[in-house]
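Undergrad: Just dropping this structure here.
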Amino acid sequence: MKQCPHCHALVSDAACVCPACHAELDLTAALPRLTGSYCPSCGALVPEGADTCPKCGMWVGKREPMRVPTNIPLTDPLPGDRQVNAAPAPDETNQLPRIESAVPSEHDLRDPYLRERPIRMRTVIVAAIACLAIVGGAILLITHPWNPGADLGAATQPADTSKAGFPGAIDSLTGQDTKGPTGEVKSGDETSHDILQEAYENLGAYAKQLDDSVTALESRGFSGTSEERSEGFSNASTLGVEISNTINKIQEVDTTSGSYQDSKDELLKMANWLRNRSDAVTTAWKQAAQSENPQSVREQALSSIRGEAASWSTMFESAYANFSLPEPAAQANS
């Protein structure tokens with residue numbers, strides 16, 4: 001697309017006539033001839049008749065050629081000089097008159113290098129002195145030779161070193177292990193025995209608490225107040241968490257020596273039976289606590305406790321009564 005130079009309408013590149021104003025578009029437009037001249041120094045356009053460049057101020061006007069005047073008065077002849085006007089002899093040559101001073105030629109203002117002059121020696125000397133003063137002052141400020149030890153961090157005042165390095169009376173060095181364990185060091189089997197024995201005793205206590213929880217559920221779990229049912233459900237949930245923690249402690253017992261591997265497995269079996277019974281009791285308490293009519297869910301809640309949960313209780317009591325934890329080898333020898 002191109003633009004018509006007459007009406008400025010957009011036409012196609014192949015169009016020869018503008019469809020809007022019907023002007024010829026294939027004619028060659030003649031560029032107007034600029035009047036004036038150009039500055040030889042900066043290249044700016046100088047209007048016709050101007051003597052100086054409007055941009056850089058350079059003289060661009062025409063000057064008449066300088067002519068040497070012919071009526072310059074000659075100096076007085078010196079003694080021994082012959083008169084110029086006198087007719088010389090045919091065999092003598094005339095001596096040109098001496099001119100006392102010549103008129104200096106003017107600079108051409110159109111010369112582009114007229115303003116470029118060499119740097120004066122005085123400017124060079126002043127710049128060198130200024131550089132030396134600045135650099136020298138900076139060096140003196142950094143090094144301060146009048147006080148070389150101003151930046152030293154070491155102490156310059158004398159100190160009393162008669163007792164240097166004497167720490168005083170000490171009984172032991174810092175970090176020195178001077179005191180060992182006062183008690184006896186337990187072996188791995190003894191540690192495992194203590195943990196398993198504690199777990200065995202805790203399981204017996206948890207079994208008794210479960211029996212008490214079942215008794216409370218049968219007596220007031222479905223006939224008591226809502227606060228009593230909520231309290232019973234909370235206690236049953238807490239008891240289940242404690243049994244789970246005991247199972248984790250039993251699993252963490254180190255039985256690398258193999259002395260208590262069977263005891264560990266037996267305790268884990270009893271703990272899982274107890275946990276299963278605890279889950280059944282907790283579920284029964286939950287049904288009683290969340291029901292609006294606890295009597296309607298009594299038989300359903302107690303059926304799980306009297307059924308499978310009762311078998312878990314029987315197996316736990318039998319295994320718990322027959323369980324015997326052997327003493328560590330070190331204590332047996334003693």
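Undergrad: Amide H neighbours of Val46 under 5 Å, counting only residues 5+ apart in sequence or on other chains, H built in-plane at 1.01 Å?
TA: Amide H to amide H, under 5 Å and 5 or more residues apart or across chains, Val46 pairs with Ser37, Tyr38, Cys39.
Undergrad: May I pose another question? For each pair in Lys208/Lys249; Lys264/Lys286; Lys208/Lys286, compute the distance between the two Cα atoms and list the pairs where it is over 25 Å.
TA: Check vs 25 Å cut-off fails for Lys264/Lys286.
Undergrad: Moving to a separate point now. Net charge near Gly240, counting Lys/Arg +1 and Asp/Glu -1 over other residues with Cβ under 14 Å of its Cβ?
TA: Around Gly240, the surrounding residues sum to +1.
Undergrad: Follow-up. Among rounded, prolate and oblate, which fits region 243-334 when a ≥ b ≥ c are the square roots of the eigenvalues of its C-alpha gyration tensor, a/c under 1.5 means rounded, and a/b larger than b/c means prolate?
TA: Because a/c hits 1.5 or more and a/b exceeds b/c, region 243-334 counts as prolate.
Undergrad: Here's another thing I want to ask about it. Counting pairs of alpha carbon atoms under 8 Å apart in space and at least six apart in sequence, what relative contact order in percent does region 185-334 give?
TA: Over region 185-334, the number comes to 32 percent.
Undergrad: Pairwise over distinct Cα atoms, reciprocal of the mean inverse distance: report the Kirkwood radius of region 188-322 in Å, one decimal place.
TA: 15.7
Readers should treat all values here as calculations from the given coordinates under stated rules, not as data from a laboratory. None of these values were measured; they are calculated from a predicted model. Backbone-built Cβ (ideal geometry, glycine too); neighbour counts: all protein chains shown.
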